[in-house]
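Just so it is clear, none of the values below were taken in a lab; they were calculated from the coordinates. These numbers were taken from a predicted model, which means no experiment stands behind them. Glycine also receives a Cβ, built like all others from the backbone with ideal geometry; neighbour counts cover every protein chain displayed.
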């Protein structure tokens, strides 16, 4: 079986050389487009040394039994695939439900990695969690790059410097990684999340938990945030504004699957923040948690730097690619039996992630 990897418009690469042996044990030959791993610091020579085949895009598309990408392949690429090729990507049908109808015109079997159920058994193949963890770490580094002061408390002969204050909104995978990273750098950290389970996780990392009463029950949400009431959001904004006035950095991660991100930081709150403070908005691609966020841009408003970036994982392509590769290997393991593709439609992971 041939596993195809393309050179995408992304700094990451779907499979890294050091994992090729794992895919070979599943009876896959890994064919990779020339220079696909270059931006992630994986050379063609490394793929060849690991017994991968470096070739051109046309040969991969016409021979692949499985194609794995970050970005959904174009219609032109999909038309070149063999009948019943498995196409594994991040199609995000919950954002645009027309994706499913669009894919029906191609003779492929599409699987969307962002539709893998967030259950315990699926953790090892949860691409969203892997990338969110990288993004949470990188968010703190991005904030530190723009913040005009130290993170930790310092006592020097020239005077004492107070530790910076970091507020993190949303304590999912990205938020928890951001908390851990900010604490390692010496910041005083507070975090807020409507999910009941988040409190203990926040406290375990040494941060203070910002409690807002009246959140909707999230026990049946499968690990995702749930849409909260208008009353809850208003009270949450009030708590945020109180802390924002003292914060040096705010990192927002709150997204509701299939809906616009909730506004947690209105313009009026930004205008009350200290000059030089930084906001990193990881929900920028779905509208942003800050009212002033512009997706894909770094702007300044009233002396406050606002970073709108939902794709920070791509800025750490070497490790992101490694984690993604492991996720893909664990995902394909449930699709292969005795060295052949064998799709068990009784398997919840396979059934829920397939878009046909």
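Calculated from the alpha-carbon coordinates, region 277-356 shows an Rg and a Dmax of 19.4, 62 Å respectively.
Can you order the peptides 246-255, 52-61 by their average number of other Cβ atoms within 10 Å per residue, highest first? Mind dumping the intermediate values first?
Values: 246-255: 25.5, 52-61: 16.9.
Listed from highest to lowest mean packing, they are 246-255, 52-61.
Computed from Cα positions, the angle between helix 317-333 and the longest principal axis of the chain comes to roughly 50 degrees. Its alpha carbons give the chain an Rg and a Dmax of 21.9, 72 Å.
Entry note, the chain: the mean residue ellipticity at 222 nm calculated from DSSP H runs of n ≥ 4, each adding -39500 (n - 2.57), is -9000 deg cm²/dmol after division by the residues and rounding to the nearest 500.
Quick one: which of 317-328, 70-81 comes out on top by average Cβ neighbours within 10 Å, and what's the full order, highest first? Could you put the intermediate results ahead of the total?
Working: 317-328: 21.4, 70-81: 15.8.
Taking the mean over residues of other Cβ atoms within 10 Å, the ranking is 317-328, 70-81.
Between residue 256 and residue 342, the C-beta separation translates, for a Förster distance of 51 Å, into a calculated FRET efficiency of about 0.90. Extension gain for residue 18 to residue 124 (0.36 nm times residue separation, less C-alpha to C-alpha distance): 36.4 nm. Can you work out the base-10 log of I(q)/I(0) for region 227-305 at q = 0.16, 0.17, 0.18, 0.25 1/Å, using the Debye formula on its C-alpha atoms alone? Ignoring solvent entirely, the Cα scatterers give -0.54, -0.61, -0.68, -1.25.
Any chance you could tell me what percent of the C-alpha pair distances in region 73-156 go past 17 Å? Walk me through the numbers on the way to the answer.
Values: 2230 of 3486 pairs.
Of all Cα-Cα pairs in region 73-156, 64 percent lie more than 17 Å apart.
Among the DSSP beta bridges whose two residues both lie in the chain, what percent are antiparallel, rounded to the nearest 5? Antiparallel bridges make up about 20 percent of those DSSP assigns within the chain. Put simply, the C-alpha atoms of region 1-93 give a gyration tensor, and the ellipsoid matching it has half-axes of 19, 15, 12 Å, longest first.
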